[in-house]
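The values are calculated or read from the model by the stated rules, or taken from the named source; none is laboratory data. Since we're looking at a predicted model, the values are computed, not measured. Cβ coordinates were reconstructed from backbone atoms using ideal geometry, including for glycine residues, and neighbour counts include every protein chain displayed. Quick note on the areas: whole protein, heavy atoms, side chains included, nothing else; ligands and nucleic acids left out. Shrake-Rupley method; radii C 1.70, N 1.55, O 1.52, S 1.80 Å.
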Amino acid sequence: VTDQKPLGCWSVKHGQIITCPVVCNFETHEYIAVHDDKVLRIWKNTDINLDKVFKATLSADVYRIHSLPYGGPTVLFKGGGVRTLDVLLEAPQQEIENVISDEVIKWSEAFMDGEQPVLIFATEKDGDFFVYIQKLKMSSLHKYKLEQQELSKPLSFTAYIKNQIITLLCLYSNDSVYKVLIPLQQNSEEEEHILSKSQLLKLSISGNILKGTSFVVLDKDHIAVLGSLAAPGEESKEYLTIWNTKFQTLQTSKELPLATSGQLWCYEEKLFFTHGKVLTVIMYKCETSSLAAAVGKHKDSQTPDVSSFVNWNTLADEELVVSFRSQESVALKSESKMTLRSKRNTVAKVQPDPLSVGQILLNLKDTSTTVFEDELRQLISKARMPDFQASIGCVVTALINRCKTNPKYYPRNFLLHIVQTRDLSYSLCPDLMALALEKKDVHLLQICLQRFPDIPEEITYACLKVFLSISEAYLQRIDVNLESVICYIDIEFNNKEVKSEIVENGFNAELEQDIWNTKITDKTHLTADGSFCPVGPQKAALLNAVLHSAYSETFLLPHLKNLPAQQAVLFLRYLYYLYVKSSEKINITLPGIRSPTVSQIMDWMCLLLDAHFTVMVMLPEAKELLSNLHKFVRAQVRFYSELNKIEGSLRELQRLNHQKDSQTYSIEVLELI
Amino acid sequence: MGEFEVHRVRFFGLVPAGPRGGRLALARTDGAVEIYNFAANYFQEKVIPGNEARSVEALCWAAGDRLFGAGLGGEITEYDLSRLCVARSVDGGGGPIWSMAANSSGTQLAIGCEDGSVKLFQIVPGGIQFERNLDRRKGRILCLSWHPLDTHIAAGSIDILRVFHVSSGQTVQRIMVNYHVHKVKRECIVWSIAFLSSGTVVTSDSFGRVQFWDWERGTLLESHTVSTSAVLSLSVSEKEDSIVVGTSTGATYQFQLLPVKIGSLEKRWVRTKPFQHHTHDVRAVAHSSTALISGGLDAQLVIRPLMEKMQKKGYEAALRKFTFPHRRLVSCARKARLLLFQFSQHLELWRLGSTNETGKDGEVLPLCRMPEHLVQLKSKGPEHIYCSCVSPCGSWVAYSTASRFHLYQVQYEGDSVSVKKVPKVPKLLLPAYQLQFSADSDSLFIASARGSVHVLQLLEPGGCKHLHTLQPPSGCPEAVYLLAVSADGHWLAAVSGDWAIHIYNLKCFKHHCTVPTYNCAVTALAIHPITNNLVIAYSDQQLFEFSIPEKQYTAWSRTVQNHGLHKLWLERDSPITHITFNPKNPSHILLHDIYMFCVLDKSLPLPDNSALLMNQSTLKQLPETARQRQLHAFKICKKFQPLLFADLLDENCLVMVERPIMDFKTQLPLPIQQKKFGT
């Protein structure tokens, strides 16, 4: 402020002390001051002498007066009692209760939550800090205890309200800013919650600590901190700093060489503080917090963000209604509700049907099974709704919930139908696969593995385990999609039978000898060389579905370690079989639709060996398999190294061919048009 | 347009020599000194051929435009830039000279010698005079730099740099440069040094460091290790805010003096831009006001413009690499189908092969006769060859060195070739800068100093007679460097170093006229065999046609000037080095530079800037009818690169002499082995 001229000046009489900040009542444009803790003065701009203005003496000491637009001034007493000014003026001498006994109020703040004023104040007693929330109209008072922080205590507080949650920021003496979330809608009347806090920011500028004295919130991602920066070996200097809390970066700073009073206010996008003998006002503007802005690479683009993707918020809303009512954290819930208010309107315009999917599902909750399924069928056969994908997810979730509540109920075909015909994903219906695993519905699992792009490794592993453990006999009876194995496995299957016949007939003496040997030893030896499929076609098809699914090694490996040894050996045997099978073809691929590729086979083989290395070494039945596998791999490596050599020679030949045309003399034809 | 049978010749084994030295003048390792004219689009306007006995380690300009060179021969040489030869040389008296520097006023030369002495020479009109020795210590002086105020000289040696006070001759400071590298027992060679006006001495050394010293206190200010191998060369911009260094790995780096913070007064040297334009040692760097110039042992001269100094994108802003000389080293005997290749100390005469077949575009025809290396003529003595020529009939070969002129008669009897030296050639003012036989092989024109051209008459069997010496009427200090003779033997055009083109009438040996002066170097010229129009190519890529009989530019030439040449044509960076014509197609002009061969058809419209200049491949895909609308005058072929020479043998037979860069790279010394990923 360059030209500081007081617009009005009032003073109390000598000996009187103004004990709390003067506020302005926005509705009446009156000023309210308290002097000598108890004496209230109210005046207007036109009054000149403070002695002659309205005076009221109260029965208790006032801590602060808060003035809120539309809310009227609110008086907070040192004992924790709260009155609105109107109530107080009706009977100035009314008794004010003491709610905080011998705690001392350190800070207070008032907000409007919708229509009702909310007062928050923090108190201290013996190093413990408490937060009180007073809702005036409901005259409800909540007391919270702040989580203890070792060796440091709060120096300064600031708070803002958003979506019915008060975010309390505390500046601690360990130069960190902590964030505490206090939900306003707390119905239970339990005594003394402990508020947990999370560190938001460490006030350190290139290794030097900023000793914050006061701070204000600018917007949801920015705070301004006034404090002194102490560099080692230098005199500390006071700085006004603006921080991005989202990326924990210092956005800007301003050195204040003249001292400040350590107080900072923020009002209408302006920061106020005293600097030396003047009041300094700094305009600020916080841009939308983005990583680019945080690292200083933000381009000043004024184009508003227009998003045109699927409206996930509607999904969140419906899911809330259907299933996640209790799981969602309060914060998320209210936030999504807030953002939805506008969006739901637009949805409603498009879709005049007053019943949303969620509501239909809610209505169907208690109907009979057949009615329920019919309704659902109708629902999903409806013409494409704007958020059809999300609705399908809700339907499936509803189905699964019903299955959970009714253990006998399992609409196998219906679920199969949905999964096969709709583009679902794991995240849309996370319980579906868990349920199928529980029910050992391998067909559904197979389809899910084939169709879902985002199955977590844990579930993939669970599927693998189930597939490996299920008996072949059980699988024979089950309908599984065999298209991935039909092209290579059935012939082999028959061959196996044919071969055993031959053995039985004893056509070939040499072969007979072989078979005799193998018959004596374990049957697994027959398959240990990788030329016979160790599993039935159904199981093979299921395993292929696992091989085809997407995974990340780091996440899969810990789970894979839990696979029982026998199953691991069986799986490895199958992988070995696939490997041998695929290397038979010149293009190293297996025939058929959705058959595993050689790199998938290799990756899983490596992964499995990694996971069960020690087990494999110890297990006697794995020994021969491993040695065969090793031999085969070695042969392949040799083969490929030979190929490499040939490739090198061929390339050299080509190079020589190329060089031929750059010989030293040639006669060529050139046509210029 | 028609088809050509192209003799694609790649057996010209030219190995360009690597440059060293400074500024516009550039010395190659074979001792040749080249002068590049920046104003004329970096045209290599002057070449002083080398001499085996004269290596050039240092070049410097002094006293205006006088160029001095010094080398391991121990002599300081002054070059005569108008006669393109050594004007005089003085023995330095200190053994091999490693370095030389002129003071800022250009009145004194300092040389650094093998014996560790720094000697001062006074530059006087007509030569240099020894002045005195500065304080002598052991160890060769590898580099020298004057303080801009001429009060002190900094000299780099092995492990040490010294600062001399010029007027007293005393060593006022010794700085051990390997002081900071205790454990290394290798000696540290200070390869290059620069004295800044602030008193800072910049050195580059064999440890790969660029260091900044405070000479008065003898302290190291800054040290930047730029390379694991030696930093060989260093140059400071005139404003002393930028330095370019060249390393033995072929990389060059720019250092800039930049403020530590924006608005801060404290400045530091910061390594800003790395460039890797060379494969071998960067032996010389220079810093012009707008460009970094570097020359390497890979025989390339690279001019890298500093984009921040460029106002707009254009011809000046392009990176330029020069590998091959801007003049003709090949001559062709059209009728006899012979090629004469000029090397630094010998000539090779080849007969082209032939074929009986014909074919389509792009086909390689089977040879029925292989090309034949007929004769190798070795020049005696240390002097390099200035110029050479073979007569159109192939029976005469002439060449000149700095002090001698040789004429040979070549006789072909069946398969055998005999070479007979013509005795008693007339004594002429030597060296000759260009030789040209007349079309009927009856006379030889010898371009000589002071704008004069000697005319020799060739006599059978094996004799010659000096007929006349042509001279411009007003006299000329510069030597003639290009000649063109008309097919009918009537006219001769001669270009001298001042870029004036004089035309002589050979019937009466009289000066006919002078082509209007154009402010750029002539790179090639030729006289049309039918119309006697002189076609001139300038280094700014402009083309002119001048009618000799009418003594004025032709209508077509005026049209070209009015219309303007295509932008891409003007932005080419290598000059036209040869022009020839097709007698069967009078409207055609055949010209070429290093990267393209072009047939200019005067009967076709000139292309606009919007038109595609290189349109041959497009045209080939179009149907016959659609082609007509797309045709324009420039028919450019870029198939043959790098093209050293192209000529028309007969109406549909061309010869192209290429020198693939890889072929001579293999003949260069191996570069320093560099670890590359994946090797």
| Of the chymotrypsin sites (Phe, Trp or Tyr not before Pro) in region B:144-221, which ones lie in a loop per DSSP and count no more than 13 other C-beta atoms within 10 Å? | B:TYR179
| trypsin sites (Lys or Arg not before Pro), restricted to region B:140-244: which are DSSP loop and have at most 16 other Cβ atoms within 10 Å? | B:LYS183, B:LYS185, B:ARG186, B:ARG217, B:LYS239
| remark: Accessible-area order for B:SER416, B:SER204, largest to smallest, probe 1.4 angstrom, reads B:SER416, B:SER204
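With a 1.4 Å probe and every protein chain left in place, work out the accessible area per residue of region B:559-679 in Å², rounded to a whole number.
With all protein chains present, region B:559-679 gives 49 Å² per residue.
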| message | Placing unit charges on C-beta atoms (Lys and Arg positive, Asp and Glu negative, everything else neutral), compute the dipole magnitude of chain B about its Cα centre in debye, rounded to 20. | response | 840
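From largest accessible area down, sort A:PHE247, B:PHE121; use a 1.4 Å probe on the protein chains.
On the way: A:PHE247 65, B:PHE121 0 Å².
Ranked list, largest accessible area first: A:PHE247, B:PHE121.
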| query | Which Rg and Dmax, in Å, describe the Cα atoms of region B:210-291? | reply | 13.4, 40
| remark: Heavy-atom accessible area of B:LYS465, protein chains in place, probe 1.4 angstrom, given in Å² to nearest 10, is 100
| note | Given Cβ charges of +1 for Lys and Arg and -1 for Asp and Glu, the option among A:ASN628, A:GLY592, A:LEU650 whose Cα lies farthest towards the positive end of the dipole of region A:548-673 is A:ASN628
| message | On the principal axes of its Cα set, how long, how wide and how thick is region A:203-285? Give whole Å, largest value first. | response | 38, 35, 16
| Taking each residue of B:353-365 in turn, how many C-beta atoms of other protein chains fall within 10 Å of its C-beta, and what is the average? | 3
| note | Treating only Lys and Arg (+1) and Asp and Glu (-1) as charged, each at its beta carbon, one finds that region B:181-273 has a dipole about its Cα centre, in Debye to the nearest 20, of 360
| note | Using a 1.4 Å probe on heavy atoms of the protein chains only, the accessible area for B:HIS566 in Å², nearest 10, reads 10
| request: Mind checking region A:65-173 for chymotrypsin sites (Phe, Trp or Tyr not before Pro) that DSSP puts in a loop (not H, G, I, E or B) and that have at most 14 other Cβ atoms within 10 Å? | output: A:TYR70
| To the nearest µm²/s, what D does Stokes-Einstein give for chain B at 20 °C and 1.002 mPa s, using the Kirkwood radius over alpha carbon pairs as Rh? | 79
| Within region B:61-140: Cβ-based charge dipole about Cα centre, in debye rounded to nearest 20 (Lys, Arg +1; Asp, Glu -1) | 200
| task | Step through the residues of region A:72-88 one at a time and calculate ³J(HN,Hα) from phi using the Karplus curve (6.51 cos²θ - 1.76 cosθ + 1.60, θ = phi - 60°), rounding each to whole Hz and writing x for Gly and Pro. | result | x, x, 10, 10, 10, 8, 5, x, x, x, 10, 9, 7, 4, 4, 4, 5
| field | Pairs of lysine residues in region B:24-246 - Cα separation under 29 Å, sequence separation of 8 or more or cross-chain | value | 5
| message | Please list, in order, the residues from region B:599-642 whose amide nitrogen is less than 13 Å from a point placed 7 Å along the Cα→Cβ vector of B:LYS360. | response | B:621
| said: As I understand it, the dipole of region B:24-246 uses +1 on the Cβ of Lys and Arg and -1 on the Cβ of Asp and Glu, about the Cα centre. Which of B:GLY95, B:SER197, B:TYR79 lies farthest toward its positive end? | reply: B:GLY95
| field | Calculated from backbone phi, Karplus (6.51, -1.76, 1.60) coupling profile of region B:83-100 in Hz, x at Gly/Pro | value | 9, 6, 8, 6, 7, 7, 9, 10, 6, x, x, x, x, x, 9, 9, 8, 8
| field | Under 5 Å, built H, 5+ apart or other chain: amide partners of A:GLU30 | value | A:ASN25
| Which percent of the accessible area of region B:426-546 is formed by carbon and sulfur heavy atoms (probe 1.4 angstrom)? | 52
| field | More than 20 angstrom apart: percent of Cα pairs within region A:545-673 | value | 60
| For the pairing of chain A with chain B, what total accessible surface becomes buried, with a 1.4 angstrom probe, in square angstrom to the nearest 100? | 2200
| note | Descending accessible area (1.4 Å probe), largest on the left, turns B:TYR595, A:TYR409 into B:TYR595, A:TYR409
| Ignoring ligands and nucleic acids, what accessible area does A:ILE486 show with a 1.4 Å probe (Å², nearest 10)? | 80
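So if R0 is 56 Å, what FRET efficiency would A:GLN248 and B:THR666 give, r being the distance between their Cβ atoms, rounded to the nearest 0.05? Write out the running numbers ahead of the final one.
Working: r = 58 Å, r/R0 = 1.04.
Computed FRET efficiency for A:GLN248 and B:THR666 comes out at 0.45.
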